[in-house]
Amino acid sequence: MTDPLLRLRRLSAALVLPLAATALVACGGSDSAATASDAGGSTTAATAAATPTRSSGGDGSGGTLVIGSTGATLPNPDTLIGGNGWEGTRFVANQIYDQLVRWDLTDDAAVPRIVPSLATSWRTDSAGTTWTLELRRDVRFHDGTPFDADAVVFNFDRYLDDRSEFFSEATIGDVGLYAGLFAGARKVGPYSVEITTRGRDGHFLNDLTYIPIASPAGVRKSGNAGFARAPVGSGPFRFASQSSQQLELVRNAGYWAGAPKLDKLILKPLPDASARIAALRSGEVNWIEYPNPDDVPGLRDAGFQIVSNNYDHVWQITFDQSQRPWDDVRVRQAANYAVDREAIANDLLHGTADPAEQVAPRGTFAYDPAGDRYAYDPEKARALLAEAGYGDGVKVTIAVPTGGSGNLIPIPIAEKIQQDLRAVGIDAELKTADFDTLMKFMAEGRVALGASAQAGSTPLFASDAIFALSVKSDSPWFVGNPTGRSVDALVDRAAATVDDGAREQTYAEAARALTEEARFLTVVNDRNSRALAPTVHGFVQPQSWFLDLTQVWVGQ
Amino acid sequence: MSVRLKLLLALTAALLLAALLAPLLAPHAPDAGATAQRLLPPGSAGHPLGTDGQGRDLLSRLLWGARPSLLAGIVPVAAAALLGTAIGLLAPLSRRWVETAALRSVDVLYAFPGVLLAIAIAAALGAGLWTTVVALSIALTPPVVRVVQTEVLRFRDADFLAVARASGASWWAVALRQALPLVLPALVVYCTTLVGIAIVYAAGLSFLGLGVSPPTAEWGSMLDELRGNAYTDPVLALLPATTILLVSILFNALGDALRDQLDVKERSVR
């Protein structure tokens, strides 16, 4: 996921697009490992029960956690510059830095909510454009300097104000996707700031969860260019060192929310799935992301812990509605009925994913167990195709990535889909290319490789900014050239709704409309599986791509 | 003809025949499978070599896969032989500046490792079997040019060419009747060896997703799909890998045997 993004960024001077692509890539997260979901329309609760989301318990602390991650390179630890998209965010940025607000990642049974972090409370004016936040008074950065309103203003200036001394193109590159609506921050008291937005901003808090706060003294001391080598935040872990092989963080004993239990946290990039398994089995690492699904049963037998949970992920094929036959909703629905998702989730993926019969993924507020729309029904698929005038069969082309974050095992999944589609009369040619290439097309708003549909994965609901970019017809990204505009209106309305309940209802309505008009062939929701050595304790896997490592410890 | 050469020729013929008769020999369709039948071990009922991750019969896929794999091994070598011989033979017999221009151009391509050059060309053209053929044809031409040119340089100033020219033979006649036959043995030997390399390169391109598109059976893409099962089902993962290895060794051995037969090393031209 990393490289494509970096290259994308270089490709285009326009910041938001490449960045967005990065986030997208990163977020799709898929790495997985887990258990079987029950066959007919498993509910969130049922699946969660079937699969452990916690590592073994017990009291203790200390140890070194060594994570084998899926990225090809290490993230840049300067705030959100990343380089690994969301993999960098979750393992590095979110460990070194705090944000003003954050996701509550301590509960594996509930969809995460936004809770106070560096800000203790917030209020907005009736226009929804001015937000006043009260800040914590007991926070110190890793360099000992205190956190206050000046620090918030300094960071927002660094992200948003090109006249500021430490404005960084590179930084705003990644932050810009989320900070797009922010106009600026102003100090209104020593521990009180006012942030203004351009227009009514219903997803202000959601965006804030992606804006890390760095130590102003640290940035001044190292300069923009040097900050990546000496990053200073206020998070649970402090930066220790970075080589080409690994990035090392150590425990922040003075963490305001309680010191983490681990002594050390090490991140190693191991993009090859077999290399990750080998590293875990040999003890070189004690935690790996996304074990190859076929390896999961063997790892479990060997005593490794496989943890997984629902989260915001959908593996999907986006139809290009500007091309036949996908311009006909009946054909798009037929494709959705034609695919045996249970076989993919259980046989190919060994329960590391659940069938996705609606656009809203499990592990999001928008998922409704009763909303599963497309159970496997090849007869119905054939009937719909005949009704649409394709009773004698039709040829289509699907662009498929050869790998990439969040894409699971894309080619085997696509080959299974190809078989199922052929059984109802849709003859699909698969065109493969590396994810890098597909992302380039996507960011240019085009379907890749001259195909008529494109496979990939998205995290639709973790970021409102990404949701809009992923579904609205005026998105600069490729979203399928939809002809209907009803979803656009719903997304715009949701984005401008400050009230959480009302906004979420509107998003859920948009997701239902997307399911009904079969904008995508939704295939599976990944469960974000990871394999942990038996010595790793205290980890609770939340229903999120992100995670909380403060309660984890490594024993003997 | 040595026994070794006869044996190797027989094996090669058998391999080509197997590819040709794949529709008759294969017990199953190469792209038919059920996920409930996936990753069956060799020796399973109805699947002598087991099944792959989609539940497809591996024996059938290896047989069908021989077609694109051998095609991608042989056609580019033939194309490179034609093109490379044309350049390597004609350039040294031409005017100095033509020779320099032609050979230096080839040197530019030669500066890149063959497999990298093939990957770059295939990536530019987009995935597909014909992309592989074109990419390998271009990538394999420079070494052929080198081999042919080296041969030509050995006799370029020999008396018999001067005699032929003096007797009024045209430039083309000298090149094709006098020079070409002298080059052929070395060319045949080298190209036979090259087939083995081309098969490995083609498998490499498929492995990278630049070759055939799924579900087409091809040895390289089969290896790519099964490599994730190196721990869980090592025997299955080894099948396409071993096939590529053995076939590549076969063509290398055949090249060696031909070299001995044609006595290429010892030949001296005067």
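The values are calculated or read from the model by the stated rules, or taken from the named source; none is laboratory data. Keep in mind that what you see is a predicted model, and the values were worked out from it rather than measured. Methodologically, a virtual Cβ is constructed for each residue, glycine included, from the backbone with ideal geometry; neighbour enumeration extends over all protein chains shown.
Rundown of residues vs (1) within 17 Å of the chain's Cα centre (by Cα); (2) within 13 Å of chain A (Cβ to nearest Cβ); (3) surrounded by fewer than 20 Cβ atoms within 10 Å (Cβ to Cβ), yes/no style:
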position	(1), (2), (3)
B:VAL115	yes, no, yes
B:ALA120	no, no, yes
B:ALA124	no, yes, yes
B:ALA127	no, yes, no
B:TRP130	yes, no, yes
B:VAL144	yes, no, no
B:THR150	no, no, yes
Quiz prompt | Breaking point among (1) at negative phi; (2) surrounded by fewer than 24 Cβ atoms within 10 Å (Cβ to Cβ); (3) within 14 Å of another protein chain (Cβ to nearest Cβ), for A:ALA345 | solution = (2)
Quiz item: In segment B:216-232, how many residues are at the interface with another protein chain (Cβ under 9 Å from one of its Cβ atoms) and either surrounded by 22 or more Cβ atoms within 10 Å (Cβ to Cβ) or not in a loop (DSSP other than H, G, I, E, B) (or both)?
Solution: 6
Quiz item: Applying the selection to segment B:183-215, what residues are within 14 Å of chain A (Cβ to nearest Cβ), touching a residue at least 60 places away in the same chain (Cβ under 8 Å) and assigned to a helix (DSSP H, G or I)?
Solution: B:GLY204, B:LEU205, B:SER206
Exercise. Identify all residues within segment B:35-50 that are free of Cβ contacts under 8 Å to residues at least 60 places away in the same chain, more than 9 Å from chain A (Cβ to nearest Cβ) and either within 21 Å of A:GLY351 (Cβ to Cβ) or in contact with a helix residue (DSSP H, G or I) (Cβ under 8 Å, 6 or more places away or on another chain) (or both); write none if there are none.
Key: B:GLN37, B:LEU40, B:HIS47, B:PRO48
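Condition check ((1) of a type outside the set (S, T, N, Q); (2) at pLDDT below 95) across all residues:
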{"site": "A:PRO459", "(1), (2)": "yes, yes"}
{"site": "A:ALA462", "(1), (2)": "yes, yes"}
{"site": "A:ALA465", "(1), (2)": "yes, yes"}
{"site": "A:THR497", "(1), (2)": "no, yes"}
{"site": "A:THR515", "(1), (2)": "no, no"}
{"site": "A:VAL536", "(1), (2)": "yes, no"}
{"site": "A:VAL552", "(1), (2)": "yes, no"}
Quiz prompt | Boolean, A:ARG373 is more than 24 Å from A:PRO293 (Cβ to Cβ), of a type in the set (Lys, Arg), touching a Ser or Thr at 6+ places or on another chain (Cβ under 7 Å) and more than 11 Å from every other protein chain (Cβ to nearest Cβ) | solution = yes
Practice problem: Select from segment A:278-304 the residues that are facing chain B (nearest Cβ under 10 Å) and within 22 Å of A:SER243 (Cα to Cα) and list them in ascending order. | Solution: A:ALA278
Self-check item: Residue tally, condition among the aliphatic types (A, V, I, L, M) and either part of a loop (DSSP other than H, G, I, E, B) or free of Cβ contacts under 8 Å to residues at least 24 places away in the same chain (or both), over segment A:124-175
Solution: 2
Quiz item: Does A:GLN321 meet the test of being touching a strand residue (DSSP E or B) at 6+ places or on another chain (Cβ under 9 Å), closer than 30 Å to A:SER452 by Cβ and either assigned to a helix (DSSP H, G or I) or away from chain B (no Cβ under 14 Å) (or both)?
Solution: no
Quiz item: Does any residue of segment B:18-34 turn out to be touching a residue at least 24 places away in the same chain (Cβ under 8 Å), within 14 Å of chain A (Cβ to nearest Cβ) and surrounded by 22 or more Cβ atoms within 10 Å (Cβ to Cβ)?
Solution: yes
Quiz item: For residues in segment A:128-183 being hydroxyl-bearing (Ser, Thr, Tyr) and over 26 Å from the mean Cα position of the chain (by Cα), which is nearest to A:ARG493 (Cα to Cα)?
Solution: A:THR129
